[in-house]
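Structure first, then comments.
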Amino acid sequence: MNSADFCSNYLYTVNKKTKTAEDDIMILAIETSCDETAAAVVRNGREVLSNVISSQIDLHTLYGGVVPEIASRKHIEKINQVIEQALSDSGTTLDDIDAIGVTYGPGLVGALLVGVSEAKAIAYARKLPLVGVHHIEGHVSANYIENPSLEPPFLCLIVSGGHTHLVIVRDYGGFEILGRTRDDAAGEAFDKVARAIGLGYPGGPKIDRFSKEGNPEAITFPQGKLSDNPYDFSFSGVKSAVLNYLNHARMTGTAVNRADLAASFQKSVVDVLVSHTMKAAEDLKMDRIAIAGGVASNSALRNAMDNACKERGYSFFRPSPVLCTDNAAMIGCAAYYEYLKGTRHGLDLNAVPNLRLGER
């Protein structure tokens, strides 16, 4: 039997297990796209029975950022332990699981391969359906877990270390991209500025905390605006402005108030994120707004978006901070809705490090 026939036979076998929305569906979800090894058990998409995350932050802090080879090796060490803990915490066994959901892109290719390989092994051994999940779709889906009333369509701002997108969520897993960053993602800009002012890694949370000690009006930094698409973003300008400010201070011997600088930089980024989102909401008559991704845990962004929505009478949805950063519960939620749509992957599922939103 060749590999194509083997995969087809595998799909035929496991598809006989398909359930419908009327049945309880238990998803074992796996997430290893970057530097968190995570597993979760999710029932019916929105009920999280367990959510285990093994973070590598302390390890990568030594190097000032994520080292892909180290991340991959640590995933291999932790993946079985994390899955066993997720099953134990949820009071379930693999006999109770109806499908395996796993992030297969985007992300670090070596890290993704660990999760995908593990998911395929379990799916094959237990003859369970395998559902590959887009990592960003998972971040958007985190909003469903704590907001039972939230259903598509709605407007969502996705902000993370590698992505800044403004999208209309037309359906579960169905997106219309309105705008995206032309250069640095918002989270990437946070990390680079944090490194420049000596805060280290991870930059986003450290700038968020440090900014509380500073004056956000102390320094005026530029806000990127693009005339050809008012919903697109650009953060390389504000990042460069911060670096130029620091260089000028060094050359002239001027003291730098790092807290003021961090707070002013953060305000510039947050103002752009909020203004673009509010413009899209007004233009497209959308009154339900959500945020997603690691930067969605930023307190200044959450407060500014909440205030802007209240001023306009919009409903505002955001996951708890633990569900904004990488986790497997959000992957389990996304996998559930993909499962209901009939999405199935064979044992030829591979990691796709540059997977674009909307691609399969």
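Rule-based calculations on the coordinates, nothing more; no lab input. Because the structure is a prediction, the values reported are computed rather than measured. FYI the Cβ positions are ideal-geometry reconstructions off the backbone, even for glycines, and counts take in every protein chain you see.
For the reader, a short list of remarks on this structure follows.
- Direction-averaged projected area, Cα convex hull, the range 225-313: 7.1 nm², rounded to one decimal.
- Put a plus charge on the Cβ of each Lys and Arg, a minus charge on the Cβ of each Asp and Glu, and nothing anywhere else: the dipole of the range 152-318 about its Cα centre is then about 340 debye.
- Here Met286, Met26, Met305 are placed in order of increasing Cβ neighbour count within 10 Å, fewest first, which gives Met286, Met26, Met305.
- With θ taken as phi - 60° and the Karplus curve 6.51 cos²θ - 1.76 cosθ + 1.60 applied, the whole-hertz 3J(HN,Hα) list for the range 96-104 is 8, 8, 9, 7, 10, x, 8, 6, 10 Hz, x standing for glycine and proline.
- Structure-based [θ]222 nm, the chain - -39500 (n - 2.57) summed over DSSP H runs of at least 4, per residue, nearest 500: -14500 deg cm²/dmol
- Charging the Cβ of each Asp and Glu at -1 and of each Lys and Arg at +1, and nothing else, the dipole of the range 254-309 about its Cα centre rounds to 120 debye.
- Remark: relative contact order (the chain) = 25 percent; criterion is Cα-Cα distance under 8 angstrom and separation of 6 or more residues.
- DSSP bridge orientation in the chain - percent antiparallel, rounded to nearest 5: 60
- For the range 291-360, the set of GluC sites (Glu not before Pro) satisfying both a DSSP loop assignment and a count of at most 14 other C-beta atoms within 10 Å is given as Glu359.
- Ascending count of other beta-carbon atoms within 10 Å, so fewest first, for Val169, Val48: Val48, Val169
- Annotation: the range 152-318 has a Kirkwood hydrodynamic radius of 16.1 angstrom, from the mean reciprocal C-alpha pair distance.
- Subset of Lys192/Lys267; Lys120/Lys206; Lys120/Lys341; Lys74/Lys341; Lys127/Lys341; Lys267/Lys310 violating a 25 Å alpha-carbon distance limit: Lys120/Lys206; Lys74/Lys341
- Ordering Gly237, Gly162, Phe190 by the projection of their Cα atoms onto the charge dipole of the range 152-318, which places +1 on the Cβ of Lys and Arg and -1 on the Cβ of Asp and Glu, puts Phe190 at the extreme positive end.
- Under a model in which nothing but the beta-carbon of Lys, Arg (+1) and Asp, Glu (-1) is charged, the chain shows a dipole of about 500 debye around its Cα centre.
- Between the range 104-169 and the range 61-82, the alpha-carbon center distance in angstrom: 20
- Trypsin sites (Lys or Arg not before Pro) within the range 127-207, DSSP loop, no more than 15 other Cβ atoms inside 10 Å: Lys127, Arg182
- Once the Cα-Cα distance is subtracted from the 0.36 nm per residue extended length, the Ala121 to Phe316 segment shows a gain of 66.2 nm.
- Going from the residue with the fewest nearby Cβ atoms within 10 Å to the one with the most, Cys34, Cys309, Cys333 rank Cys309, Cys34, Cys333.
- The DSSP beta bridges internal to the range 152-318 are antiparallel in roughly 60% of cases.
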